[in-house]
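Here the structure is laid out as structure tokens; the discussion comes afterwards.
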Amino acid sequence: MDQPAGRPLDAVVIDAVFVDAGGVLVLPDRHRIADRFAAEGLQIDPGRCAEAHYLGVAALDAAEADPEVFGDYHAAYAAHLGVADDARAATVLADLWAQTGLWTEPIPGAASALAALARLAPVVIVSNADGTVATLLAGLDLVQVGPGRGVEVAGIIDSGVVGVAKPDPRIFELALDLVGAAPDRAVHIGDARQYDVRGARAAGIRPLLVDPFDCRGDVDCERVTDLGAAAA
């Protein structure tokens, strides 16, 4: 992917890495989504759900949507699945996204990439979520604070717990305070310009946008295909 001009990451010292959860570590469970559509008499290809997510995020970015406002996301998601013309699709997606525990599909390679990052610098998960992201990630054996079966990270900051959400820079300031890092020596890896890129920049942190399907040529920041590319 083309990258905008600027210092490469290996030209600066990185003291902290902040990582989004949804779209970087986990995705919505495609089989649960397909089953819910099937229950409404709608057939979709579960293999298209991953790309549908990133196209949905692009639609959120274009609409400059507020946190937890998913109408534009759902419309783009349904369009990619080929069910946008059926009124049942919007209801299915709204119902699914209102439920806790949907984001349970680990992205291949994310755990090993996160472990590689954690060996380089303290890692903090910074997520717009509903207060359950720490439990969800630990339950998948992906991430936890302290020793455990997943990758040990310095902290998990969930907007539903701390009461402030990206793009508000205060959520990143909490992460910086947690690890004692300066903004210009930290990076944040996320999948949404509206929340991750804007919020990180507002806090003085360098953003990287995850773009596995190369569909985000509209953004003015560095892009990586996945967390593994960021770790490399």
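The values are calculated or read from the model by the stated rules, or taken from the named source; none is laboratory data. Values in this document were obtained by computation on a predicted structure and should not be read as measured data. Here Cβ is always computed from backbone atoms with ideal geometry, including for glycine, and neighbour counts include all displayed protein chains. The accessibility values were calculated without ligands, DNA or RNA, using every heavy atom of the protein model including side chains. Shrake-Rupley method; radii C 1.70, N 1.55, O 1.52, S 1.80 Å.
Per-structure values
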quantity: Scope the range 135-188; condition open to solvent by 60 Å² or more (accessible area, probe 1.4 Å), assigned to a loop (DSSP other than H, G, I, E, B) and under 24 Å from Val13 (Cβ atoms); matching residues; calculated: Gly180
quantity: Matching option when the condition is open to solvent by less than 20 Å² (accessible area, probe 1.4 Å), of a type in the set (A, V, I, L, M, F, W, C) and within 17 Å of the chain's Cα centre (by Cα), among Ala34, Ala58, Ala52, Ala78; calculated: Ala52
quantity: Every residue from the range 61-75 that is aromatic (Phe, Trp, Tyr) and open to solvent by 50 Å² or more (accessible area, probe 1.4 Å); calculated: Phe70
quantity: Neighbours by Cβ (under 9 Å, 6+ apart or cross-chain): first from the range 33-48, polar (S, T, N, Q); second surrounded by 12 or more Cβ atoms within 10 Å (Cβ to Cβ); calculated: Gln43/Ala34; Gln43/Phe37; Gln43/Val83
quantity: Residue check, Ile44 open to solvent by less than 20 Å² (accessible area, probe 1.4 Å), farther than 18 Å from Arg216 by Cβ, at pLDDT 95 or above and not in a strand (DSSP E or B); calculated: no
quantity: The range 95-125 - residue that is more than 19 Å from the chain's Cα centre (by Cα) and either open to solvent by less than 60 Å² (accessible area, probe 1.4 Å) or in contact (Cβ under 8 Å) with a residue 12 or more places away in the chain (or both) and, of those, farthest from Ala16 (Cα to Cα); calculated: Asp95
quantity: Selection status of Val92, of a type in the set (A, V, I, L, M, F, W, C), open to solvent by less than 40 Å² (accessible area, probe 1.4 Å), in a loop (DSSP other than H, G, I, E, B) and within 21 Å of Ala39 (Cβ to Cβ); calculated: no
quantity: Options Asp130, Asp214; residue that is at pLDDT below 95, part of a loop (DSSP other than H, G, I, E, B) and under 20 Å from Leu27 (Cβ atoms); calculated: Asp130
quantity: Filter pass, Thr100 being within 28 Å of Gly71 (Cβ to Cβ), assigned to a helix (DSSP H, G or I) and of a type outside the set (A, V, I, L, M); calculated: no
quantity: Inter-residue pairs, beta-carbon under 6 Å, first of a type in the set (Gly, Ala, Ser) and in the range 215-228, second open to solvent by 20 Å² or more (accessible area, probe 1.4 Å), 6+ apart; calculated: Gly228/Gly109
quantity: Residues (of a type in the set (Gly, Ala, Ser), assigned to a helix (DSSP H, G or I) and under 16 Å from His53 (Cβ atoms)) located in the range 75-89; calculated: Ala75, Ala76, Ala78, Ala79, Ala89
